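Encoded as structure tokens, the structure appears first; notes follow it.
Only the coordinates and a few stated rules stand behind these numbers; no lab work does. Remember, it's a predicted structure, so these values are computed and weren't measured experimentally. Here Cβ is always computed from backbone atoms with ideal geometry, including for glycine, and neighbour counts include all displayed protein chains.
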Amino acid sequence: MLTILEELGLSPNEAKIYKALLEHGEMGVSDISLRAKIHRRNTYDAINRLVEKGLAFEILSAKENTYNAVDPEKLLELVDEKRQSIESLLPSLIKQFKSRKVKEEAYILKGLEGQKNIWREVLRVAETSYFIGAKGEWFDERLKTSKDAFFKEANRKNISFKQLFDFETRERLPEILLKYPAKNSENRILPKEYSTSSAIHVFGDYVVTYTGLSVKEINEDITFFVIKSKELANSYRTWFEFLWNKSKPQSPK
């Protein structure tokens, strides 16, 4: 019984006092303290809160004021009041629920089909695409049909691309800097000492880490580590801008 009363919003002391009043009827503070097994000092505060909630009432007397419990059906009124309060809040709560932070998740894609899946996500999100350590791997001949279709749709959706290419790309694939297939693109070159076989791709709420890349080529067993996190993606974009500002636009030799 005490547990149920507490679930209705009563404090442990309030629940004990209300139960004692139901069982023993009208009592003074001393008897209430004794029956409820609560220190007398705490009994005053709890009984006053019960009176405020309409679950007990005070009986004035020349000797000592006493207290008694109201009809237990009053508890149903408390439930109804809580329900009405919740219903009044529901529109606001639902709005907050729908606008809450996007759920975070992580998964792995592999191989050429994994690259195609990432392209599909880029087109679905349709936001600026950021790339660190780009190597022109999209120009792998095995991806030509998918690549052409991807950039055609990306141009139709007016998706922008900002890319920091590895230094070797400038030497081995200079045409990519002269005529990149995306109509809205900006390209810069990383210093030679910062070349790697990996890359980072950021778009929307996604961060994709690539391993096993070389200029104009994707390994068949390439792994894509995909993380969906708005906060993380925003952080990577901040770091990207730092690297971008430290790099200088360059033309191929």
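Which value in deg cm²/dmol, rounded to the nearest 500, describes the helix-derived mean residue ellipticity at 222 nm for the chain, given -39,500 (n - 2.57) per DSSP H run of n ≥ 4 and division by the residue count? Write down the numbers at each step before the final one.
Numbers: 10 runs with 120 residues, N = 253.
That calculation yields -14500 deg cm²/dmol at 222 nm.
Could you tell me which GluC sites (Glu not before Pro) in segment 45-77 are loop residues by DSSP with no more than 15 other beta carbons within 10 angstrom of their beta carbon? Walk me through the numbers before you get to the answer.
Details: sites: GLU52, GLU58, GLU64, GLU73, GLU77; in loops: GLU64, GLU73.
Of the GluC sites (Glu not before Pro), the ones in loops of segment 45-77 whose Cβ has at most 15 other Cβ atoms within 10 Å are GLU64, GLU73.
With a 10 Å cut-off between alpha carbons and a GNM built on the chain, which of LYS157, LYS53, LYS135 moves the most?
In this elastic network of the chain, the residue with the biggest mean-square fluctuation among LYS157, LYS53, LYS135 is LYS53.
Using the Cα atoms of segment 4-122 to build a convex hull, what is its mean projected area in square nanometres? Mind showing how you got there, number by number?
Working: hull surface 51.3 nm².
With the hull built on Cα positions only, its mean projection is 12.8 nm².
Residues with beta-carbon under 10 Å from that of ASN187, excluding ASN187: net charge, scoring Lys, Arg +1 and Asp, Glu -1?
Numbers: positive: LYS162, ARG170, ARG188; negative: GLU186.
With Lys, Arg at +1 and Asp, Glu at -1, the net is +2.
THR209 versus MET1, label points 7 Å from Cα toward the beta carbon: distance in nm?
6.0 nm
Once fully extended, how much extra length lies between GLU193 and GLN84, figured as 0.36 nm per residue of separation less the alpha-carbon to alpha-carbon distance?
Stretched out fully, the GLU193 to GLN84 stretch lengthens by 32.7 nm.
For the chain, which semi-axes, largest first and in whole Å, follow from the square roots of 5 times the eigenvalues of its Cα gyration tensor?
On the way: eigenvalues 1055, 63, 48 Å².
Over the Cα atoms of the chain, the semi-axes work out to 73, 18, 15 Å.
Within segment 68-98, what residues put their amide N at less than 15 Å from the label point 7 Å along the Cα-to-Cβ vector of GLU231?
Inside the label zone: nothing.
Less than 13 Å Cβ to Cβ from GLU241, Lys/Arg counted +1 and Asp/Glu -1: what total charge do the surrounding residues give? Don't skip to the end; give the middle numbers.
Working: positive: LYS162, ARG188, ARG237, LYS246; negative: GLU186.
Value of the local net charge: +3.
Considering only Cα-Cα distances, which of the following residue pairs are longer than 28 Å: LYS19/LYS63; LYS110/LYS246; LYS192/LYS230? Please report the intermediate quantities before stating the final value.
Details: LYS19/LYS63 25 Å; LYS110/LYS246 32 Å; LYS192/LYS230 31 Å.
Over 28 Å apart, Cα to Cα: LYS110/LYS246; LYS192/LYS230.
Among residues other than THR223 whose Cβ falls under 14 Å from its Cβ, what is the net charge (Lys/Arg +1, Asp/Glu -1)?
On the way: positive: LYS110; negative: GLU113, GLU137, GLU220, ASP221.
My count for the surroundings of THR223 gives -3.
Where Rh denotes the Kirkwood radius from the mean inverse Cα pair distance, what is Rg over Rh for segment 101-174? Each step should come with its number before you reach the end.
Numbers: Rg = 13.5 Å, Rh = 13.8 Å.
Ratio value, two decimals: 0.98.
Which of the aspartates and glutamates could a cross-linker span from LYS53 if the Cα-Cα distance has to be under 12 Å and same-chain partners fewer than 8 positions apart are dropped?
Straight-line reach from LYS53, under 12 Å: GLU14, GLU77, GLU81.
For the chain, with the dipole built from +1 on Lys and Arg beta-carbon atoms and -1 on Asp and Glu ones, taken about the Cα centre, which of GLY111, PRO91, ASN48 lies farthest toward the positive end?
Final value for the positive-end residue is GLY111.
Percent antiparallel among DSSP beta bridges with both residues in the chain, to the nearest 5? Could you put the intermediate results ahead of the total?
Working: 29 of 39 bridges.
Looking only at bridges with both residues in the chain, the antiparallel portion is about 75 percent.
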